[in-house]
Amino acid sequence: MTVSSLRPGLRDAPGEIDVERAIAEIRAGRPIILHDALERIVALACEALDADLSERFALLAPGGTRLALAAPRLRRLGAQRRDAGAVTLPVADAARAHALAFDANARLDAPATALSPLEEGALELMRLAQVLPAAIVARADGAEAVFASPLGVALAHIASYRPARLASLRIVARAPVPLEGACDSEFIVFRGGEGLRDQVAIIIGAPDFSLPVNVRLHSACLTGDLFGSLKCDCGDQLRYTARFMAENGGGVLLYLDQEGRGNGLANKIRAYDLQARGFDTYDADESLGFDNDQRRFAFAAEMLKALGAQRVLILTNNPEKIAALMQAGLEVVADQRIQGRKNTHNVRYLAAKRDKAGHLIDLDRAPA
């Protein structure tokens, strides 16, 4: 796979383009229309709801709107259900909607009912846009008269978007970039595979791809990797990996734009605010409507295959990464623990990863 494999964006399937435009509209705080063969709804990120948009929803749906919420958020609100659901809002009240969507102390004040397929699609769009997984939804009859030219997207295109992005994965740029402790390194930028974000493979040294290759899947952590945050051990893991590969036959370090376990940077910082108030990392994510881990690694496996890796020795504490590579058809010949420094700020975080997500972390073990 080379730079010449870049395919012009105009060749993308029309449905894929519609979804990408819808993601941009959601992130900009504008409503979009979702439709299937039977009906149409308007959907807006709940975090974007303000007084003006509340008035517009009141004009569109005088009988009330619905607030679609992910299952983790409903559980945090006290609902006894395992699936996502929606709460009726007789009035599109921004204060009430925001409280139900992300106030840490809120409790459910009305029944939660099952979502329609279109409402499920609205929540998937919120996840793709990396906003909070909470959507204001209403029937779209007359929406064009209330909102300024709302973009429309078909439910079927939302459902097929992730597989389409995986199939579109390609290399768009590559260049040598010497690193401290790993001078012989090459950065390779992939596009496709996960939303609208680029992903990076760093080949360190000269690994022999006919043999098992040292591999790490490292999710971007702005606070830890760049600023040296003490709340995690991500920066330590990243730098140790580069040095280890440089000293042990090379390897491939995938730097994946999946901040906050796939929740996005803004939601990660929201979770940090909750952690400062006593929540652990997973309880904080649940309070915001997220499962333990939103990340997917199928595209990471395809990046490795494109580079020629078939058998890997993976540096990780996370069994989910091992399972994902094996499920994607790679042979994981061995796995190796990689642990950073423990401190008073991250010990609870590390313990939660061990106890709630099954990460293979020994808190008594000396750091790498």
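The values are calculated or read from the model by the stated rules, or taken from the named source; none is laboratory data. Since this is a predicted model, take the numbers as computed values, not measurements. Please note: Cβ atoms are built from the backbone with ideal geometry, for glycine as well, and neighbour counts cover all protein chains shown.
Does the stretch 255-266 include one or more residues that are outside any loop (DSSP other than H, G, I, E, B), of a type in the set (Gly, Ala, Ser) and within 19 Å of Ala182 (Cα to Cα)?
Of all residues in the stretch 255-266, those outside any loop (DSSP other than H, G, I, E, B) come to 255-256, 259-262, 265-266.
Now drop any that are not of a type in the set (Gly, Ala, Ser), which leaves 260, 262, 266.
Checking the rest, the ones that are also within 19 Å of Ala182 (Cα to Cα) come to none.
No.
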Query - Residue in the stretch 89-109 that is within 25 Å of the chain's Cα centre (by Cα), in the same structural domain as Ala134 (by TED's automatic domain parsing) and over 20 Å from Glu47 (Cβ atoms) present - result: no
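Which of the residues spanning the stretch 62-78 are out of contact with any helix residue (DSSP H, G or I) (no Cβ under 8 Å at 6 or more places or on another chain) and on the phi < 0 side of the Ramachandran plot? Reasoning before the result, please.
Looking only at the stretch 62-78, we keep the residues that are out of contact with any helix residue (DSSP H, G or I) (no Cβ under 8 Å at 6 or more places or on another chain), and these are 62-64, 71, 74, 78.
Across the stretch 62-78, the qualifying residues are Pro62, Gly63, Ala71, Leu74.
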**Report entry** Per-region count, the stretch 230-242, residues in contact with a Phe, Trp or Tyr (Cβ under 9 Å, 6 or more places away or on another chain) and in contact (Cβ under 8 Å) with a residue 60 or more places away in the chain
**Finding:** 4
Query - Qualifying strands (runs of 3 or more DSSP E) (wholly inside the stretch 122-204; at least 1 residues being of a type in the set (A, V, I, L, M), closer than 23 Å to Ala71 by Cα and not assigned by TED's automatic domain parsing to the domain that holds Ala242) - result: 134-139
Report task. Could you list, in sequence order, all residues of the stretch 281-312 that are closer than 17 Å to Gly262 by Cα, in a helix (DSSP H, G or I) and not small (Gly, Ala, Ser)? Result -> Thr281, Tyr282, Asp283, Asp285, Glu286, Phe299
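Does the stretch 102-112 include one or more residues that are touching a residue at least 40 places away in the same chain (Cβ under 8 Å) and surrounded by fewer than 20 Cβ atoms within 10 Å (Cβ to Cβ)? Before you say what the answer is, go through the steps one by one.
Within the stretch 102-112, the subset touching a residue at least 40 places away in the same chain (Cβ under 8 Å) is 102, 104, 112.
Next, from what is left, pick out any that are surrounded by fewer than 20 Cβ atoms within 10 Å (Cβ to Cβ): 104.
Checking the stretch 102-112: at least one residue is touching a residue at least 40 places away in the same chain (Cβ under 8 Å) and surrounded by fewer than 20 Cβ atoms within 10 Å (Cβ to Cβ).
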Requested in this report: Would you check which residues across the stretch 313-341 are of a type in the set (Asp, Glu) and either in contact with a strand residue (DSSP E or B) (Cβ under 6 Å, 6 or more places away or on another chain) or in a strand (DSSP E or B) (or both) and list them?
Outcome: Glu331, Asp335
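Looking at Ser168, is it hydroxyl-bearing (Ser, Thr, Tyr) and surrounded by fewer than 16 Cβ atoms within 10 Å (Cβ to Cβ)? Write out each step before concluding.
Details: hydroxyl-bearing (Ser, Thr, Tyr): yes; surrounded by fewer than 16 Cβ atoms within 10 Å (Cβ to Cβ): no.
No.
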Report task. Mind checking which strands (runs of 3 or more DSSP E) fall wholly inside the stretch 7-110 and carry at least 1 residues that are farther than 26 Å from Leu196 by Cβ? Result -> 65-69, 85-89
Requested in this report: Considering only residues that are part of a helix (DSSP H, G or I) and touching a residue at least 12 places away in the same chain (Cβ under 8 Å), look in the stretch 269-280 and name the one that is surrounded by the fewest Cβ atoms within 10 Å (Cβ to Cβ).
Outcome: Tyr272
Report summary line: Picked from the stretch 210-245 (must be closer than 12 Å to Arg341 by Cβ and hydrophobic (A, V, I, L, M, F, W, C)), the residue surrounded by the fewest Cβ atoms within 10 Å (Cβ to Cβ) is Leu230
Requested in this report: Within the stretch 320-349, count every residue that is within 19 Å of Asp225 (Cβ to Cβ) and either outside the structural domain of Met245 (by TED's automatic domain parsing) or within 20 Å of the chain's Cα centre (by Cα) (or both).
Outcome: 2
**Report entry** Residue that is surrounded by the most Cβ atoms within 10 Å (Cβ to Cβ) [pool: residues in the stretch 172-209 that are within 18 Å of Lys305 (Cβ to Cβ), at pLDDT 95 or above and touching a helix residue (DSSP H, G or I) at 6+ places or on another chain (Cβ under 6 Å)]
**Finding:** Phe190
Query - Odd one out for Ala37, checked against (1) out of contact with any Ser or Thr (no Cβ under 9 Å at 6 or more places or on another chain); (2) under 18 Å from Pro117 (Cβ atoms); (3) touching a residue at least 24 places away in the same chain (Cβ under 8 Å); (4) surrounded by fewer than 17 Cβ atoms within 10 Å (Cβ to Cβ) - result: (3)
Report summary line: Those residues of the stretch 148-172 which are over 23 Å from Met126 (Cβ atoms) and in contact with a Leu (Cβ under 9 Å, 6 or more places away or on another chain) amount to Arg170, Ile171, Val172
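Output yes when any residue across the stretch 59-66 is polar (S, T, N, Q), more than 25 Å from Ala266 (Cα to Cα) and buried (at least 20 other Cβ atoms within 10 Å of the Cβ), and no when none is.
Residues of the stretch 59-66 that are polar (S, T, N, Q), as a first pass: 65.
Restricting the remaining residues to those that are more than 25 Å from Ala266 (Cα to Cα) gives 65.
From what is left, the residues that are buried (at least 20 other Cβ atoms within 10 Å of the Cβ) are 65.
So far as the stretch 59-66 goes, yes, one or more of its residues are polar (S, T, N, Q), more than 25 Å from Ala266 (Cα to Cα) and buried (at least 20 other Cβ atoms within 10 Å of the Cβ).
Right, Leu118: crowded, with 19+ Cβ neighbours inside 10 Å, more than 23 Å from the chain's Cα centre (by Cα), in the same structural domain as Ala68 (by TED's automatic domain parsing) and within 30 Å of Tyr282 (Cα to Cα) or not?
On the way: crowded, with 19+ Cβ neighbours inside 10 Å: yes; more than 23 Å from the chain's Cα centre (by Cα): no; in the same structural domain as Ala68 (by TED's automatic domain parsing): yes; within 30 Å of Tyr282 (Cα to Cα): yes.
Against the criterion (crowded, with 19+ Cβ neighbours inside 10 Å, more than 23 Å from the chain's Cα centre (by Cα), in the same structural domain as Ala68 (by TED's automatic domain parsing) and within 30 Å of Tyr282 (Cα to Cα)), Leu118 does not qualify.
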